[in-house]
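The values are calculated or read from the model by the stated rules, or taken from the named source; none is laboratory data. Quick caveat: nothing in here was measured; it's all calculated off a predicted structure. Please note: Cβ atoms are built from the backbone with ideal geometry, for glycine as well, and neighbour counts cover all protein chains shown.
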Amino acid sequence: MPLSGTLKTMPLPDLLQWLHSTRQSGTLVISAELDETFLILQRGDLAAIGSDNPALLNVASQLLAEGLFAEEQLETWSSSDRGGVDILTWLVQTGRLAPDRADRLRDDLATNVVLDLFFVEDGSFYFTGGDAAGFLCSEEIPGAVELKRPLSVEQLMLDGMRRLDEWHRIRRVFPSSHVLVQALPGDIDNPVWRQLLFLGEPISVGELCLHVGGSRYFVLQKLSDAYSRGLIDVRAAASNAPADSTPTTAEMLIASARTLLEARQFEEARALLLAAANLDPDNAGTRELLRELRLEHKAFLYQQLKPSWIPKLSVPRSQLADLALGPREQYLLTRLKAGLDVATLALTTPLGEMETLRALFKLRHAGIIDFGR
């Protein structure tokens with residue numbers, strides 16, 4: 001039986017604890033602001049993870065952040081023909097990365113995504129029970145990263161509590177993304193400090209996180225470690241500048257996104273706001289506009305796709321293989337045979353409500369589906 005609610009009424013740690021204790025298998029969709037994150041559970045533990053925000057699952061950024069490869073190497077490898085496999089699998093196959101290291105990177109990536117969700121308060125969840133293996137074999141989960149063995153949710157809970165405690169300590173040193181940092185001379189095995197030393201000039205924490213890539217928490221943790229060793233100079237926040245100073249990059253992105261939102265160019269506004277949120281996650285204006293965009297976009301989609309309408313294929317199935325369709329669109333086309341209406345599809349697919357509506361809208365716009373009134 002599906003389970004849904006808000007993270008205010010049932011925080012994620014409590015929800016995961018219940019799913020683990022009852023040994024549930026299925027897909028848990030967490031919707032927060034513009035991101036939808038997919039946690040695939042196998043008997044109560046985490047078997048795979050996915051997200052409609054590619055930046056959250058960017059393994060290449062993680063490889064750079066941890067100093068395992070140079071940027072030039074990854075740029076070359078990312079553009080090479082890997083036969084459809086992900087970059088970690090390809091690196092293992094070509095002998096550039098040890099298999100156990102690749103497994104740990106996937107585990108770390110999944111752990112960071114889940115633990116970052118512990119800080120989310122304004123969001124919703126939807127859990128669809130079912131065979132986890134069935135979800136892993138299908139392609140409906142955006143950018144799914146499958147783990148070699150399920151991660152213990154109990155261990156994730158313990159790590160989450162420790163991270164919350166450590167986060168409060170880190171924020172006392174780096175209270176906002178505008179704080180300026182600069183590496184001082186020294187020598188430690190710290191990839192973030194080395195990146196900062198290479199840059200040579202003061203840079204805001206937000207810009208450094210974008211430059212390094214990977215998990216924001218990872219960057220701040222490494223910064224905090226270098227600071228405790230006396231190798232980071234922390235300066236006054238750039239946000240203390242006079243009111244008539246030049247707008248920050250994040251502020252310009254937010255202003256452009258608002259203009260696009262007023263013009264109902266939702267996808268374009270979404271891309272700018274995601275960039276602004278990555279650059280300055282502490283900006284209250286970004287979060288407010290993200291919520292506004294999500295609500296307006298959902299209302300617009302329901303205007304275009306009435307809840308009672310039943311989507312039907314409008315092209316021969318034999319032509320589908322020749323169309324450039326993403327995994328979400330391909331998955332939804334398999335559900336059309338059941339004769340479900342828009343509302344039922346939006347609330348019962350593992351994609352989540354927003355992603356289902358976006359995919360249906362794309363299929364209709366491309367003339368691949370039509371609706372029975």
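Here the range 337-352 is the region considered, the condition is being at pLDDT 80 or above and either touching a Cys at 6+ places or on another chain (Cβ under 6 Å) or not hydroxyl-bearing (Ser, Thr, Tyr) (or both), and the residue that is nearest to Glu267 (Cα to Cα) is Ala346. If the condition is being surrounded by fewer than 18 Cβ atoms within 10 Å (Cβ to Cβ) and within 23 Å of Val59 (Cα to Cα), then the range 200-216 contributes only His211.
Against the criterion of being at pLDDT 85 or above and within 27 Å of the chain's Cα centre (by Cα), Arg169 qualifies. Please determine whether any residue of the range 90-103 is among the hydrophobic types (A, V, I, L, M, F, W, C), at pLDDT 85 or above and in contact with an Asp or Glu (Cβ under 7 Å, 6 or more places away or on another chain). No, the range 90-103 has no match at all. Reported count of residues in the range 172-193, each being within 15 Å of Phe218 (Cβ to Cβ) and surrounded by fewer than 16 Cβ atoms within 10 Å (Cβ to Cβ), is 1. Of all residue pairs spaced 6 or more apart or on separate chains, those with beta-carbon atoms under 8 Å, a first member in the range 96-117 that is free of Cβ contacts under 8 Å to residues at least 24 places away in the same chain and assigned to a helix (DSSP H, G or I) and a second member that is buried (at least 20 other Cβ atoms within 10 Å of the Cβ) and not β-branched (Val, Ile, Thr) are Ala102/Leu88; Ala102/Leu91. Among the residues of the range 281-307, those identified as surrounded by fewer than 19 Cβ atoms within 10 Å (Cβ to Cβ), under 16 Å from Phe361 (Cα atoms) and in contact (Cβ under 8 Å) with a residue 40 or more places away in the chain are Lys298, Tyr302, Gln304, Lys306. Can you say whether Ala243 is modelled with pLDDT under 90, hydrophobic (A, V, I, L, M, F, W, C) and not in a helix (DSSP H, G or I), as far as the supplied structure shows? Taking the combined requirement at face value, the residue satisfies it. If a residue must be at pLDDT 85 or above and either within 26 Å of Glu207 (Cα to Cα) or in contact with a Gly (Cβ under 6 Å, 6 or more places away or on another chain) (or both), how many such residues does the range 131-152 contain? Residues meeting the conditions: 0.
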